[in-house]
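Step one of this worksheet: look at the structure below.
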Ligand code: HEC
Ligand SMILES: [Cu+2]
């Protein structure tokens, strides 16, 4: 403290001014109900008492670190290494990712309100670019970006107090910022409120992001970043957890009937806003934008670029649930698809499944089975005609899942192109189209699938057309499928 050397009078005047100031502040506070000043003070004195020191448990998506449980502020040391490396973006497609901790998204950081975080950011000596980290959980310039700008072969350290509970995005903010994010540099930090979030059975970490490759979606090989497409916001891939199929099929999230599930969902962007939805589930609790406001009973929630949300629901019914960006072409054509497989007993009251399937032909007189023409009287059509009609039917009924290429979606939807499962079947695939496949485990060309192929309301003639087309396209070859063959199996 500096010694006061002013004459007595000025000290008095200073005291008087200070007192007036304080009175004014009190009046202002009383009038506006604004207690920011005292609020900030409380937070600071609370956070001042940091007991102990620990290394943070960091996890890669879809896993989430355990809650510490003990709610007293600690000094938490978080060590993240930035690694630039080639990894798979889609089947046959590679990309040079820039990563926090070697994965996209980066590690999940879980801390508690009041903690002091000591963040160590190392830039691997093999890297080419400088990097840094901007954590949206930081109160301070650049969210830490300025304090952590690090060249390859160096390491930076800074500390921050987490004073606001919530779920926050972190990302690299080194110029060109968009490019660092587009290459995969993002992750989530959860600041648990005092007392913690309520306990649940399963917690998962999902993060969306887009990729802008020079080559079109599906074009094989190592794909460079395309700045023009990024500026125009026209990605080739929109994915969850860093690659197409990162959380589908054998990588799907798993839960049981009765489980309470909590999803920590982030959107790294760099550009798109996510219309996040789990097909067949209702988020009975949504911490909107990762904040403290809880919304209830939501079907689709918006997650801004650079934002997050905490979503909860209870699994009532077994099955495979597709997790999508409901800007739906992104899901079925660009990769924004994950899956949750719920196992356990069915509850027919909650969900009956299909109970009936009838032909619906408004205008034409009802045709009962017995009056329908006998198999023998149904005419055969030539292969070329069936293929032509079948192609149109395929495009409207099947290609959204099996894709126009017939290649399906890795891990989620099996291929029809050169499918040994389809081509070796005695019934030519008629049974699959008549009845669908309800969560049956099947193997197609050595890959395992367990999904739902819906039973579609198709007539015998239509099924014959579709199968004639499918079984003679994309390198498949086999005889025509006739309507009477379908009818015969339907009547069995
Ligand atoms: C909603 C998505 C969806 C639609 C629409 C769909 N399928 Fe499927 N299909 C699937 C899934 C998922 C499976 C795998 C089911 C399993 O794992 O048991 C499958 C399996 C199949 C199989 C057996 C596996 C294989 O690859 O050979 C055939 C054949 C098939 N579908 C044909 C079709 C045809 C033809 C259509 C259009 C009439 C169609 N599907 C429409 C999702 C779909
Ligand atoms: Cu970077």
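Determine which member of the set 104, 200 is away from ligand 2 (no atom under 16 Å from the Cβ), on the phi < 0 side of the Ramachandran plot, assigned by TED's automatic domain parsing to the domain that holds residue 263 and at pLDDT 95 or above.
Values: 104 fails: away from ligand 2 (no atom under 16 Å from the Cβ).
Going through 104, 200 in turn, the sole match is 200.
Could you check, for segment 265-273, whether at least one of its residues is more than 18 Å from residue 308 (Cβ to Cβ) and in contact (Cβ under 8 Å) with a residue 40 or more places away in the chain? For segment 265-273, residues more than 18 Å from residue 308 (Cβ to Cβ) and in contact (Cβ under 8 Å) with a residue 40 or more places away in the chain: absent. Residue count for segment 123-143 under the criterion of being in a loop (DSSP other than H, G, I, E, B) and within 14 Å of ligand 2 (Cβ to nearest atom): the result is 7. Of the candidates 242, 195, the single residue that is in a loop (DSSP other than H, G, I, E, B) and within 16 Å of ligand 2 (Cβ to nearest atom) is 242. Among the residues making up segment 339-364, none is farther than 17 Å from residue 318 by Cα and part of a strand (DSSP E or B).
Residue 120 meets all of the listed conditions (1) within 15 Å of ligand 2 (Cβ to nearest atom); (2) in a strand (DSSP E or B); (3) more than 21 Å from residue 226 (Cα to Cα) but one, namely (1). Scanning segment 284-304 for residues that are more than 14 Å from the chain's Cα centre (by Cα) and either under 19 Å from residue 252 (Cα atoms) or not in a strand (DSSP E or B) (or both) yields 284, 288, 289, 290, 291, 292, 293, 296, 297, 299.
For segment 424-438, a residue qualifies if it is more than 8 Å from ligand 1 (Cβ to nearest atom) and part of a helix (DSSP H, G or I), and the qualifying residues are 430, 431, 434, 435. What number of residues within segment 288-316 satisfy the criterion of being in contact (Cβ under 8 Å) with a residue 24 or more places away in the chain and closer than 14 Å to residue 169 by Cβ? Of the residues in segment 288-316, 10 are in contact (Cβ under 8 Å) with a residue 24 or more places away in the chain and closer than 14 Å to residue 169 by Cβ. Taking each residue of segment 419-438 that is within 14 Å of residue 468 (Cα to Cα) and in the same structural domain as residue 472 (by TED's automatic domain parsing) and looking for partners that are within 16 Å of ligand 2 (Cβ to nearest atom) and assigned to a helix (DSSP H, G or I) with beta-carbon atoms closer than 8 Å, six or more apart or interchain, yields nothing. Against the conditions (1) within 16 Å of ligand 2 (Cβ to nearest atom); (2) more than 25 Å from residue 263 (Cβ to Cβ), residue 159 satisfies every one except (1).
Conditions tested, residue by residue: (1) part of a loop (DSSP other than H, G, I, E, B); (2) within 16 Å of ligand 1 (Cβ to nearest atom); (3) modelled with pLDDT of 95 or more.
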site: 47; (1), (2), (3): no, no, no
site: 51; (1), (2), (3): yes, no, no
site: 64; (1), (2), (3): yes, no, yes
site: 68; (1), (2), (3): yes, no, no
site: 82; (1), (2), (3): no, no, yes
site: 95; (1), (2), (3): no, no, yes
site: 98; (1), (2), (3): no, no, yes
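Going by the structure shown, is residue 143 in the same structural domain as residue 190 (by TED's automatic domain parsing) and farther than 15 Å from residue 184 by Cβ? Here the answer is yes, as residue 143 does meet what is asked. For the subset of segment 251-298 comprising residues that are touching a helix residue (DSSP H, G or I) at 6+ places or on another chain (Cβ under 8 Å) and farther than 23 Å from residue 328 by Cα, which member is surrounded by the most Cβ atoms within 10 Å (Cβ to Cβ)? So, considering only residues that are touching a helix residue (DSSP H, G or I) at 6+ places or on another chain (Cβ under 8 Å) and farther than 23 Å from residue 328 by Cα, the one surrounded by the most Cβ atoms within 10 Å (Cβ to Cβ) is 295. Scanning segment 200-221 for residues that are farther than 19 Å from residue 288 by Cβ and in contact (Cβ under 8 Å) with a residue 24 or more places away in the chain yields a total of 13. Residues that are out of contact with any helix residue (DSSP H, G or I) (no Cβ under 9 Å at 6 or more places or on another chain) and surrounded by fewer than 15 Cβ atoms within 10 Å (Cβ to Cβ) are absent from segment 182-192 altogether. The single condition from (1) closer than 22 Å to residue 247 by Cβ; (2) more than 9 Å from ligand 1 (Cβ to nearest atom); (3) modelled with pLDDT of 95 or more that residue 415 fails is (2). Filtering segment 453-466 to residues that are surrounded by 17 or more Cβ atoms within 10 Å (Cβ to Cβ) and within 7 Å of ligand 1 (Cβ to nearest atom) leaves 453, 458, 466. Being touching a residue at least 60 places away in the same chain (Cβ under 8 Å), buried (at least 21 other Cβ atoms within 10 Å of the Cβ) and more than 22 Å from residue 63 (Cβ to Cβ) is a property that does not hold for residue 92.
Selection of segment 305-338 for residues being assigned to a loop (DSSP other than H, G, I, E, B) and in contact with a helix residue (DSSP H, G or I) (Cβ under 7 Å, 6 or more places away or on another chain) yields only 336. Scanning segment 389-418 for residues that are more than 30 Å from residue 89 (Cβ to Cβ) and touching a residue at least 60 places away in the same chain (Cβ under 8 Å) returns 389, 390, 391, 393.
Here residue 172 clears all of (1) at pLDDT 95 or above; (2) more than 16 Å from ligand 2 (Cβ to nearest atom); (3) more than 13 Å from the chain's Cα centre (by Cα) except the condition numbered (2).
The values are calculated or read from the model by the stated rules, or taken from the named source; none is laboratory data. Worth saying up front: this structure is predicted, and the values here are computed from it rather than measured. For neighbour counting, all protein chains shown are included, and Cβ atoms are generated from backbone atoms with ideal geometry for every residue, glycine included.
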